[in-house]
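Sharing a structure below in structure tokens format, with a few things to ask.
The values are calculated or read from the model by the stated rules, or taken from the named source; none is laboratory data. All values reported here derive from a predicted model rather than from experimental measurement. So basically every Cβ, Gly included, is an ideal-geometry build from the backbone, and we count neighbours across all protein chains shown. For accessibility, only protein heavy atoms count, side chains too; no ligands or nucleic acids. Shrake-Rupley method; radii C 1.70, N 1.55, O 1.52, S 1.80 Å.
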Amino acid sequence: MAVCVAVIAKENYPLYIRSAPTENELKFHYMVHTSLDVVDEKISAMGKALVDQRELYLGLLYPTEDYKVYGYVTNSKVKFVMVVDSSNTALRDNEIRSMFRKLHNSYTDVMCNPFYNPGDRIQSRAFDSMVTSMMIQVC
Amino acid sequence: MADAALFEFLHMEMVAELWAHHSDPGPGVSAGSRGKEARAATGQKMSLSVLEGMGFRVGQALGERLPQETLAFREELDVLKFLCKDLWVAVFQKQMDSLRTNHQGTYVLQDNSFPLLIRMASGPQYLEEAPKFLAFTCGLLRGTLSTLGIKSLVTASVASLPTCKFQVVIQKT
């Protein structure tokens, strides 16, 4: 079950961050912040590699004893970071990929909303309800 | 097939609406004929920048939606190629005819039969009116480039309809 979902803009400030257990939110904010370094490392490593294909899904960024952190970067350099519970071993890679794909689709919808100015915090209720469904359903 | 015509009609109406306010004299005291012309010129510049701003916001949204399934771009030239192929096909149902660069941040994109101009004339007629119809597209290119992380300045030039050239100058910060 995803315990924390964050959308981070190109300039590395958060556009949207939400965690499921409402106590200890600061700990998740800190984890997301530290994972940005790993994301940047992966992006620059991919740029130097001579591989033709550059994937958007970054995979497991780093594991801690309680949680696992996954990352995904879009073509517009917007990063999605997801923290999941380590105790949930049934979560497979392609499930995480599909969660990120849903996030990407919802983010694109937010971008196309004429009332949204790119760069503002995301306040769309549709986006909120999609993230809620991801946090509860996968468990 | 009618989808292309829908956008063309909407675009024509946008330009017509923004220009409708220039035919009537402005309210308020005019400082003679020179004042009226100056106000008309600034009014036209404002309309051009309004059109460009509209194109910019549309470009930002398209820049997010169109590359969704494509893999990450490796360099600037890839982004420009994406503009010439995928963006142009999505908006105008055809590809850009030529892309040239001086490898120092300037790209010239040439379209030999630009769909928004092709219904007007094919030759030197209506040359002065052409810039109004290119402002939205310049903004579109600039908006898409800005979402993909490239700050740029886009200008358009027409030598004879319907061929037009878009010049993209990358701003290095």
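Determine which member of the set B:A135, B:A156 is more than 14 Å from chain A (Cβ to nearest Cβ), among the hydrophobic types (A, V, I, L, M, F, W, C) and open to solvent by less than 30 Å² (accessible area, probe 1.4 Å). So that I can check it myself, show each step before the final result.
Details: B:A156 fails: open to solvent by less than 30 Å² (accessible area, probe 1.4 Å).
None of the other options fit; the residue is B:A135.
Would you check which residues across the stretch B:137-173 are of a type in the set (G, A, S), over 10 Å from the mean Cα position of the chain (by Cα) and closer than 26 Å to A:V73 by Cα and list them?
Hits for the stretch B:137-173 are B:G143, B:S146, B:G149, B:S152.
Search the stretch A:54-81 for residues that are more than 19 Å from A:Y16 (Cβ to Cβ) and pair each with any residue that is β-branched (V, I, T) and open to solvent by 20 Å² or more (accessible area, probe 1.4 Å) when their beta-carbon atoms are under 8 Å apart and the residues are at least 6 apart or on different chains.
A:Y62/A:V38
Looking at B:L66, B:L99, B:L80, B:L71, which is the one that is of a type outside the set (V, I, T), within 11 Å of chain A (Cβ to nearest Cβ) and either out of contact with any helix residue (DSSP H, G or I) (no Cβ under 8 Å at 6 or more places or on another chain) or more than 25 Å from A:L103 (Cα to Cα) (or both)? Lay out the reasoning, then the answer.
On the way: B:L66 fails: either out of contact with any helix residue (DSSP H, G or I) (no Cβ under 8 Å at 6 or more places or on another chain) or more than 25 Å from A:L103 (Cα to Cα) (or both); B:L99 fails: within 11 Å of chain A (Cβ to nearest Cβ); B:L80 fails: within 11 Å of chain A (Cβ to nearest Cβ).
B:L71 is the lone residue from the list that is of a type outside the set (V, I, T), within 11 Å of chain A (Cβ to nearest Cβ) and either out of contact with any helix residue (DSSP H, G or I) (no Cβ under 8 Å at 6 or more places or on another chain) or more than 25 Å from A:L103 (Cα to Cα) (or both).
I need a count of the residues in the stretch B:119-132 that are open to solvent by 70 Å² or more (accessible area, probe 1.4 Å) and over 18 Å from B:A16 (Cβ atoms).
3
Answer with yes or no whether A:R121 is basic (K, R), surrounded by fewer than 19 Cβ atoms within 10 Å (Cβ to Cβ) and within 14 Å of another protein chain (Cβ to nearest Cβ).
On the way: basic (K, R): yes; surrounded by fewer than 19 Cβ atoms within 10 Å (Cβ to Cβ): yes; within 14 Å of another protein chain (Cβ to nearest Cβ): no.
Answer is no for this residue.
Can you pull out every residue in the stretch A:20-47 that is aromatic (F, W, Y) and in contact (Cβ under 8 Å) with a residue 24 or more places away in the chain? Lay out the reasoning, then the answer.
We begin by selecting, within the stretch A:20-47, every residue aromatic (F, W, Y); these are A:28, A:30.
The answer is A:F28, and nothing else.
Inspect all residues belonging to the stretch B:87-100 and state whether any of them is within 22 Å of B:K172 (Cβ to Cβ), of a type outside the set (D, E) and open to solvent by less than 80 Å² (accessible area, probe 1.4 Å). Please lay out each step first, then the result.
First, the residues of the stretch B:87-100 that are within 22 Å of B:K172 (Cβ to Cβ): B:99-100.
Still in the list and also of a type outside the set (D, E): B:99-100.
Of the ones still in play, those that are also open to solvent by less than 80 Å² (accessible area, probe 1.4 Å) are B:99.
Yes, some residue in the stretch B:87-100 is within 22 Å of B:K172 (Cβ to Cβ), of a type outside the set (D, E) and open to solvent by less than 80 Å² (accessible area, probe 1.4 Å).
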